[in-house]
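Structure record follows, encoded as structure tokens.
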Amino acid sequence: MNRRPKAKISVSVHFVCAVLRHAREAGVDTQALLRRQRIPPRLLTEPLARISVQQFADLQTSTMQAMGDESLGYAQRRMPLGTWDMMCHAVINSRTLGQALHRYCRFFQIMGDGMPMSLTQDGDEARITMLTPPAGDGAYFDELSLLNTHRFACWLTQEELPLREVRFRHAMSARASDYRIMFLGNPVSFAQDECSLVLSSSLLERPVTQTPESLRRYLRHPTLLMLTTSYDFSWTAQVREELRGDLAQMPDLKVVAASLALHPQTLRRRLAAEGTTFKQIKGDIRRDTALHFLGKPALSVEEVAHRSGFSEASAFIRAFKVWTGLTPYAYRKGL
């Protein structure tokens, strides 16, 4: 059976800047870090620029290692390297997800000012809440903490666990589509009274299916959680799936809507509710594909243009400059 290629996902430089925000004051050569991950430093001055999710995951891991701090300088005190590993060992023998999340929160409460969290239940609703705000401008640390919590819960159960809501105290600072990818298509709200994941209490009864043996394999690949980019619960994901088979001959809105058994106007409304449009999704797929293949030096810019769905390199170059502020040649030169 022929399978479609895995979707390429990109990350806004907004999050790159957030990862590096405290690195320089910690004595880290951020330019060297960027170049090591083949990220042109000039991209950080281009608000629309994006990098591949693999580059981003590797940069975040490298920055934590260079700073000796798994909180990237955001927590009220440093989180030593190995903190996450020790937490994993503390919860891996849990029988249920609820037991694992209780141990997870208890572990970080014991850590003090690092990442204190609590698990509470009220009827059919459960909440995992950040108890104290991080030091200074800690919006990204809240986002990273909740992302890791949700992805880790999904890994423990080997399920894509649905969330009722993700709540943040701060205002939205990136595109809605970026947060949709981060939280696997689940609803995300900002300017709330708390920072928390809200889920059905019934999910706490899910069995933990991972083992100490699979944990050892997982810990050998520290970027695994970040690279999990499936978000099948959203209409955006379903549209992406319909579009990414042939980027040169993408079907139009009517064809995709018919494939999803929807009226075109209904699909437009559902995409708008998720903060996106059909045209934007098409552009995002081509952009993310281009960023992925530009990282492969053996491919010419003309071949990258073709693989990204452009019949002419000149049209690709114009589109790429709109996406990133750079031409494909300037972008590749900085890699």
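Only the coordinates and a few stated rules stand behind these numbers; no lab work does. Predicted, not measured: the structure shown is a model, and the values here were computed from it. Cβ placement follows ideal geometry from the backbone for every residue including glycine, while neighbour counts extend to all protein chains displayed.
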Worksheet entry | Check on residue 124, over 15 Å from the mean Cα position of the chain (by Cα), of a type in the set (Asp, Glu) and on the phi < 0 side of the Ramachandran plot | yes
Discussion item. What's the number of the only condition in (1) within 26 Å of residue 216 (Cα to Cα); (2) touching a residue at least 60 places away in the same chain (Cβ under 8 Å) that residue 14 fails to meet?
Written reply: (1)
Discussion item. For the range 7-35, which positions are of a type in the set (Lys, Arg) and crowded, with 16+ Cβ neighbours inside 10 Å?
Written reply: 8, 21
Worksheet item: Which members of the range 280-299 meet the condition of being surrounded by fewer than 13 Cβ atoms within 10 Å (Cβ to Cβ) and over 24 Å from the mean Cα position of the chain (by Cα)?
Response: 297, 298
